[in-house]
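Chemist: What follows is a single structure, and I will ask about it in a moment.
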C-alpha cells in the first residue's frame, strides 16, 4: 500500500490542482518541443536531437509517477500489486538513469560547441547523436534491471506500507525478507556509478569550457558563451542535487516526509525546467511557425552576419584559398567560391541565388548554432516565452485560489450545511467511536478542555475513572491494553496535563502497549497565539507515538479516531495520540459565542476578519452530524511466510538441546493465551518466560525453567527467541553460544535484529506475529519429540537454585524481617485467581525469583524501560478488567511514593487492591553498587516511614509487619485478604532488612 499524502488530508485538493496543472504544462511543453523539432527540417541537428530525446525521456519519466500520484490524492488509500510496483520502479529507475546520462551528453555537446566549434559537425553528427541516444537508454534501463532484480529477488514479509507516493528503492527494500548488507551496498554502488560519475563528467566538461571561455578576448563574447550554459547547469544542479540527497545514502536514514518533499521536487518540478527554462527560451523553437518562410529566415540570418562582418571561419577559408591560388599564379574555383561566400555574407538576394553553396549551408548551420548559444539565456520574443510565462503565472494563481478555497472549506460548505440549532457536541462523536471499539473504561484527570468527551462517555455507559495524576491514568490504560488485548484509553487536558503523561506514554511505547491518549488543546484559531496551556503538543508526542493527529473539524473526529485505534494495534503495537482542540468538542452555540463578535464590526478590515471567523466556524461544524462508520478498521498484523516456518521446522527438528524464550509479544492477539499454552505444551521444548508471557504455563510447570538462564543458553544448540530481544536483559546477545542456531521471530524488524551485527547472528529471522508463528511451528513438528535428559538437566539446575533460596530465607538478619522469607510466605498465600503487579527495584527483583504468577496474563511489570510509579495505575486497570481477581501489588518503598496518593482513587471508586511494601528505608538497588564503588551512600537513604498510616489517612486499611510480628506474617496476609473481600484497599508496610540475595544485579 502506498501511503503517499494520506497524512495531509486538508491539502489533498490543493496538491491535486497544483500537481495536475504542473503536469499539464510539463507534458504540453515537452510534446510541443518534440513536435517542432520533428516537423521543422532546419532543426534536424545534433543539438536539437538531444533536446528532443531529453523531452521524450522527461515525458515518459513523468508518466511513470505523476498520474499514479494524482489518483492517490483523490482516494483515501491506494494499493499497488507487487508486479505493478516492480514495473513502476523499473521504468522510473531506467528513465531516471537515462536522464542523468542525457544531461552528461548535453554537457559534452556544450564542450564540443564551445571548445571545438570548427569540428562540431564532424564530432556530433546526426548518426552519432542517435547512436548515443540509444546507448543512453540501453545503459539506463540495464542499471534499472539490475537494481529491480536485486530488490524483488526475495518475498516481502515486513509489512506492506510504502511511505511514499511511488515505489522507490529504499522504502521497498525495507519490506524485503532478505535485506542484506551486500544487496544494499550493490545498489549503493550502482547509484554512485550513475549519479556521481555522471555529475563528475559534467563538471569535467565545464572545466574545459570555463578554461576556453576565460581565454576569449571580448567580454561580450565571454558573456554570450557563459549564457549558453546557464539553463543546462540549472537542470543539472536541481536534478543531481535531489538525486544525491535520496540515493547517495547507504541506508535511508531520512525522515519519510522530508524524502517525499524532495521526491516531489525531482518528479514534478525538475521535469518542468526542460520545456520552460531549457528550450522554450530558445528563439529558434519559439519562432518556428507557418507565418515565417524559409527564405525569410535565411534573409534574417544573412542580415545577422552582414551586420557583424563575415563569419570568421568563412573569411579565414576564403583568404587562405586566395593566397594559395595567387602562389600558383592562377584564378580558379576557389576565387569563385570566394565570390559566392562574399555574396553569402553581403546580401540576402545573392544568398538566395547561391542557396546550393556548401559554404552557405555551413553558414546557416553555424548561424543556427551560434544564434542558439547567444540567445538561450536572453529575453525571448513576445510571441515565445512571455505568453508561456503568463500562462504559467495564471495557472499558478488559479491553483492558489482553488487551494485557498479548499483550505477555507468553501467547496465542502456548498454540499454540507451547518446545523446551527443543534446542541450536540464533538465529545459525542468521540464517545461513539470508543463504544464502537468496545472500550469500557476511560481514565482521566479532568480539565475544561476535555469535559464534553467525558460527559458523553458517561452517557454512553463507558466508565470514566479519574485519577490524581495524569501518568496514573495512562498507566491504567496500559494495563487494560495488556490484559484485554484491546486499546486502553486515557484522556487528559491540555498543556501540563499532557506533559505529565510523557513518562507513561514512553513506557507504553517501550512495552509495545496499544494505548490511545486523547489530549485537549487550545482552540484551532488560538494555537500559537499565547492561549492558556497552549504548547506544541504534536512535536512533543511524535517521537513517542506511532500515530499523531490533531483534529481540525468536528467531522474529522470519527475517521481520525478510527485510524488511530487501528494504528495502535497494527504491526508492532504502541501508543497513539489524538489532539482535540476545545472548539471541536464543545457545541456550536458555545463556540460561536466565544469566536464571533456579538456586534458586527465596522470598516473593511473588521468586516473581513468577521467573515473569516464566521467562515471558520461554519467549516468547523459543516457536516459534523452526518452519519459515518464508527466501527474498527482492519488491522495490519504481519505473519510469517510458509517458507520461513518450514525452514524453522527443519532447523528445530534437528536440534538435540532446543530452548525457547517467550516474551510479551507472544500473548498479543489474535492468538488466545490458552491456545498458545496448548501449542507450547505440545511442542515440548523447555522455555523461559518473560514480560507478559510470565505465567503462561501456570505454576510449577515441568517445561517452565525459571533459573540459570545464561547457563542454559550457553548449552542449547537451537534457541527460539519468540518475542524476546537481545538487549541488556540478554547481555546484548553475548549469552549465546557461538555454535547455537538462533531462530528469532518478532513483529518489529529493527528490534528483532538489535545487536546482531556484534555479538550474535540469527540463523532465521522472521518478522511476524509470535503467537501465530508458534502455533504453525507446532503444526509443522507434529510427532517430533526430544530426549528427556535435556529438560531434566535444566530442571535439576532449577531445583538446586531454589534450594539456595530456601537456605537464604532461613538466614538470620540483624533487624526487622528477612525479605526472602517474607516473599516465600507470600508465594504460599497467593490464591489461584490473583493478579500480580510489581513496582520497584530491589524488593521486586527478589520477588521475580520467588513469586510465581498463577496463569497467563496475571503478571504486570513496567517492562524494558524500568519505570518506577506504574504500580497504582497498573493495579487500577487490572482490577477493573478482572473484577473477580485478587490484585496484589508488590512495591519497593521508594516506588510506593509515586502511588500513595492514588489510594484516594481506589477508595473513591471502590476499587480494592492489596499493596505489600518492602520497606528497607532506602534505594537499595542503587546503594548496593554506589557504596562499594564510590564510597558514599549519598541520596540513597530513606526512612522507615509509616506508609500504612498514610494510607489510612486516605481511607484505606493499613497493617504493619515487623520483627515483633515475625511469626504472624501468614495471619496478617490472611487478614488483609479478608478486608479486601469486604471491599477495602489494604496497605501492608513490611519492614525488611537488606540481604545479599541480589548482589551482582545490575542497576544501570
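Values in this text are rule-based calculations from the coordinates and carry no lab data. Remember, it's a predicted structure, so these values are computed and weren't measured experimentally. Glycine gets a Cβ as well: all are built from the backbone with ideal geometry, and neighbour counts include every protein chain shown.
Chemist: Considering the zone a paramagnetic label at residue 785 would reach in this model (a point 7 Å from Cα along the Cα-to-Cβ line), which residues of segment 630-668 have amide N under 19 Å from it?
Modeler: Label zone hits: 652-659.
Chemist: Percent of Cα-Cα pairs more than 21 Å apart in segment 642-788, please. Please report the intermediate quantities before stating the final value.
Modeler: On the way: 3820 of 10731 pairs.
Above the 21 Å cut-off, segment 642-788 has 36 percent of its Cα pairs.
Chemist: Measure off 7 Å from each Cα along the Cα-to-Cβ vector at residue 755 and residue 529, then give the distance between these two points in nanometres to one decimal.
Modeler: Between residue 755 and residue 529, the simple spin-label model gives 5.3 nm.
Chemist: Now, a different point. What list do you get for 625, 611, 859 if you sort them by fewest beta carbons within 10 Å?
Modeler: Working: 625 14, 611 10, 859 25.
So the residues, fewest neighbours to most, are 611, 625, 859.
Chemist: Please state the equivalent ellipsoid semi-axes for segment 872-1004: what are the square roots of 5 times the Cα gyration tensor eigenvalues, largest first, in whole Å? Please list the in-between numbers first.
Modeler: Values: eigenvalues 166, 54, 36 Å².
Rounded to whole Å, the semi-axes are 29, 16, 13.
Chemist: Starting from the Cα-Cα distance between residue 729 and residue 119, subtract it from 0.36 nm times their residue separation and give me the gain in nm to one decimal.
Modeler: 212.3 nm
Chemist: Taking the inverse of the average 1/r across all pairs of different Cα atoms in segment 780-918, what Kirkwood radius in Å do you get? Could the numbers behind the result be given before it?
Modeler: Values: mean 1/r = 0.0593 Å⁻¹.
About 16.9 Å, per the Kirkwood formula over Cα pairs.
Chemist: Using alpha-carbon positions, what is the distance between the centroids of segment 869-915 and segment 570-613, in Å?
Modeler: Taking the Cα centre of segment 570-613 as reference, the centre of segment 869-915 is 39 Å away.
Chemist: Here's another thing I want to ask about it. Set the Förster distance to 45 Å, then compute FRET efficiency between residue 204 and residue 153 from the Cβ-Cβ distance, nearest 0.05.
Modeler: Values: r = 36 Å, r/R0 = 0.79.
Once the sixth-power term is evaluated, E becomes 0.80.
Chemist: How would you rank 183, 949, going from fewest to most other Cβ atoms within 10 Å of each one's own Cβ? All intermediate terms of the calculation are to be shown ahead of the outcome.
Modeler: On the way: 183 17, 949 12.
The fewest-first ordering by Cβ neighbours comes to 949, 183.
Chemist: On to the next question. Run the quick spin-label model on residue 219 and residue 460: label points 7 Å from Cα toward the beta carbon, then report their separation in nm to one decimal.
Modeler: Placing both labels 7 Å beyond Cα along the Cβ direction yields 7.7 nm.
Chemist: Please report Rg over Rh for segment 632-714, where both radii come from the alpha carbon positions and Rh follows the Kirkwood definition. Intermediate values should be presented prior to the final figure.
Modeler: Numbers: Rg = 14.3 Å, Rh = 14.4 Å.
Ratio of gyration radius to Kirkwood radius for segment 632-714: 1.00.
Chemist: Eigenvalues of the Cα gyration tensor times 5, then square-rooted: what semi-axes does that give for segment 398-450, in whole angstrom, largest first?
Modeler: Working: eigenvalues 225, 43, 34 Å².
Result for segment 398-450: semi-axes of 34, 15, 13 Å.
Chemist: Quick check on the exposure proxy: order 645, 609, 505 from fewest to most C-beta atoms within 10 angstrom.
Modeler: Working: 645 22, 609 13, 505 26.
Result, fewest neighbours first: 609, 645, 505.
Chemist: Moving to a separate point now. How much of the pair distance distribution for segment 426-621 lies past 19 Å, counting alpha-carbon pairs only, in percent? List each step's numbers first, then the result.
Modeler: Numbers: 10970 of 19110 pairs.
For segment 426-621, the fraction of Cα-Cα distances above 19 Å is 57 percent.
Chemist: Describe numerically, in nm with one decimal, the distance between label points set 7 Å from Cα along Cα→Cβ at residue 654 and at residue 641.
Modeler: Distance between the two pseudo-spin positions: 2.1 nm.
Chemist: Length gain on complete extension for the stretch residue 440 to residue 596, per 0.36 nm per residue less the alpha carbon to alpha carbon distance? If you can, show how the numbers build up before the last one.
Modeler: Values: separation 156, 0.36 × 156 = 56.16 nm, distance 3.75 nm.
Result: 52.4 nm gained on full extension.
Chemist: Once you sort the root eigenvalues of the Cα gyration tensor of segment 845-909 as a ≥ b ≥ c, which label holds: rounded (a/c under 1.5), prolate (a/b larger than b/c) or oblate (the other case)? Intermediate results must be reported in sequence, preceding the final value.
Modeler: Numbers: a/c = 1.86, a/b = 1.10, b/c = 1.68.
The shape class here is oblate.
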